[in-house]
Amino acid sequence: MKFKDVREFITFLEGKGELLRIKTLVSSDLEITEIVDRVVKRGGPALLFENVEGYDMPVLVNIYGSSQRTAWALGVETLDELGDRIRKLLGMVQGPPPSLVGKLRTLADLIKMAGYQPKSVRTAPCQEVVLTGPDADLNRIPVLKCWPMDAGRFITLPLVITRNPETGIRNVGMYRMQIYDGQTAGMHWQTHKVGTHHERVALERGQERMEVAVALGGDPATVWTGSAPLPPDLDELVMAGFLREEAVEVVKCKTVDIDVPANSEIILEGYVVPGEVRTEGPFGDHTGYYSMAGEYPVFHLTAITHRQNPIYTTIVVGRPIQEDYYMGKATERLFMPIIRMVLPEIVDINMPAEGVFHNLVIVSIKKEYPGQAQKVMYALWGLGLMMLAKAIVVVDDFVNVQDVSEVAWRVTNNLDASQDIVIVSGPVDDLDHASPTPNLGSKIGIDATAKGSLEGRTREWPPDIAMSDEIKSLVNNKWQEYGL
């Protein structure tokens with residue numbers, strides 16, 4: 001299952017009864033958000049708004065708004081199949097790599113060797129129309145204002161493409177962009193993200209400009225990769241090719257030296273001046289709170305290219321559950337095998353909607369020795385963007401981490417606060433409003449596993465209450481006789 005572009009995915013979703021076309025006149029200012037918020041929380045379909053007030057461009061939203069649609073977007077029937085594909089790939093490794101970095105590089109090398117490097121083309125649908133000078137105007141695009149206190153209209157599903165000024169290595173990230181006017185926008189790449197690193201390198205090198213391209217509305221697998229915290233040295237477009245089982249076609253931009261996905265709907269070409277900042281925000285964010293105004297880089301537009309009759313694809317974020325929750329669950333399932341390469345005692349992981357990705361991680365482990373839960377906590381905090389996790393809860397292997405009710409029961413029963421809680425300091429997400437200092441705060445680890453004598457207990461740990469298999473079988477056989 002693969003889709004060349006978002007239009008093929010629209011056709012597929014319509015065939016599955018998973019897309020609704022809305023022909024009623026709607027406003028991009030708050031109204032679409034209220035519609036989408038209700039639909040997502042009810043488990044409703046993807047929405048294509050065909051009549052947006054003041055624009056001749058339709059708005060597509062909620063294509064990832066269920067586990068099933070997200071799985072289809074990534075070329076599988078269920079999200080667990082993503083992990084299965086990675087496990088199969090990792091099975092090709094002959095002997096264990098020597099370190100965590102080595103393991104992640106092995107994965108990157110395997111995917112590269114699988115033959116999914118982007119394929120360059122000379123002509124592309126995304127360049128059917130080329131606009132430069134005064135004709136290149138961000139206000140042509142029906143970008144949404146989502147929430148009442150938002151500082152303006154924000155692009156929320158962009159693939160922001162930059163290159164490392166030293167190495168030339170490409171990065172594709174997903175950073176929101178506030179529209180300031182027709183030619184400039186805020187570029188909200190956060191402290192810990194690769195786009196920020198590229199700007200820092202450009203600033204250190206004294207570059208006057210750092211070229212940037214922004215792709216809007218590509219095929220659904222490629223768009224998703226921009227949100228994924230991929231291992232070092234793994235090009236997002238190569239990962240997209242792996243997911244699609246077909247290389248992503250790319251084309252050179254018209255005014256900047258960057259390749260972009262050829263089958264995108266819209267491309268924004270431009271640059272950032274390293275060190276230049278402007279106030280961006282507030283913005284109603286995926287935490288369910290507004291992220292307040294801050295100083296961020298400025299994107300300067302040099303050209304817009306797009307398909308004939310382009311479709312603007314976007315996403316609404318806000319208090320969970322929203323569409324981005326399902327995108328995050330795909331990341332969780334995809335990276336389970338990678339995490340287990342480093343921590344083989346891990347059985348399962350859940351990053352529930354209530355934790356908005358980085359606030360709560362629940363992990364089950366096959367425990368073999370005292371202190372193993374704490375070892376897992378520290379290892380996870382040292383694993384890429386897992387460093388931003390505010391709370392890590394560790395439970396035993398027989399606990400279903402996907403059942404938050406069961407986890408809460410285990411934690412509140414198994415916790416001895418004086419011994420089972422770890423508090424550490426370190427990096428926190430830019431959007432964390434609770435830390436007294438931006439980007440730096442405290443985090444908590446909770447060991448909710450069963451404890452024994454090796455951990456200093458003098459009391460016997462009680463068994464779970466469970467009916468015997470014999471009685472369960474008896475009742476099963478007589479169930480119809482009870483008349484229940």
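The values are calculated or read from the model by the stated rules, or taken from the named source; none is laboratory data. Note that the coordinates shown come from a computational prediction; the quantities given were computed from them, not determined experimentally. Quick reminder, even Gly has a Cβ in these numbers, built from the backbone with ideal geometry, and neighbours come from all protein chains shown.
Those residues that are of a type in the set (S, T, N, Q) and closer than 15 Å to P142 by Cα, I need them from the range 1-57; list them, please. Walk me through how you get there before you give the answer.
Of the residues in the range 1-57, the ones of a type in the set (S, T, N, Q) are 11, 24, 27-28, 33, 51.
Hits for the range 1-57 are S27, S28, T33, N51.
Just to be sure before I move on: is I315 crowded, with 22+ Cβ neighbours inside 10 Å, not aromatic (F, W, Y) and not in a helix (DSSP H, G or I) in the structure I sent?
Values: crowded, with 22+ Cβ neighbours inside 10 Å: yes; not aromatic (F, W, Y): yes; not in a helix (DSSP H, G or I): yes.
Yes; evaluated as a whole, the condition is true for this residue.
Checking V407 against (1) part of a helix (DSSP H, G or I); (2) of a type outside the set (K, R); (3) free of Cβ contacts under 8 Å to residues at least 24 places away in the same chain, which test does it fail?
Failing condition for V407: (3).
Go through the range 1-91 and tell me which strands (runs of 3 or more DSSP E), entirely inside it, have 2 or more residues that are surrounded by fewer than 20 Cβ atoms within 10 Å (Cβ to Cβ) and of a type in the set (A, V, I, L, M, F, W, C). Outline the logic, then answer.
Values: elements: 19-22, 46-49, 59-61.
Per the criteria, 19-22.
Given the conditions (1) among the charged types (D, E, K, R); (2) modelled with pLDDT of 95 or more; (3) surrounded by 13 or more Cβ atoms within 10 Å (Cβ to Cβ), report the number of the one that K366 does not fulfil.
(3)
Given A185, A124, which one is more than 14 Å from Y312 (Cβ to Cβ), modelled with pLDDT of 95 or more and within 26 Å of the chain's Cα centre (by Cα)? Lay out the reasoning, then the answer.
Details: A124 fails: within 26 Å of the chain's Cα centre (by Cα).
The match here is A185.
Where in the range 172-276 are the strands (runs of 3 or more DSSP E), entirely inside, with at least 3 residues that are within 24 Å of F154 (Cβ to Cβ) and touching a residue at least 40 places away in the same chain (Cβ under 8 Å)? Outline the logic, then answer.
On the way: elements: 184-186, 210-216, 249-252, 259-261.
Answer list for the range 172-276: 184-186, 210-216.
Working carefully through the options V356, V342, V363, find the one that is over 26 Å from S67 (Cα atoms) and of a type in the set (A, V, I, L, M).
Details: V356 fails: over 26 Å from S67 (Cα atoms); V363 fails: over 26 Å from S67 (Cα atoms).
Among V356, V342, V363, only V342 is over 26 Å from S67 (Cα atoms) and of a type in the set (A, V, I, L, M).
So the check is Cβ under 8 Å with 6+ separation or different chains; which pairs have a first residue in the range 153-164 that's of a type in the set (D, E) and a second one that's buried (at least 24 other Cβ atoms within 10 Å of the Cβ)?
none
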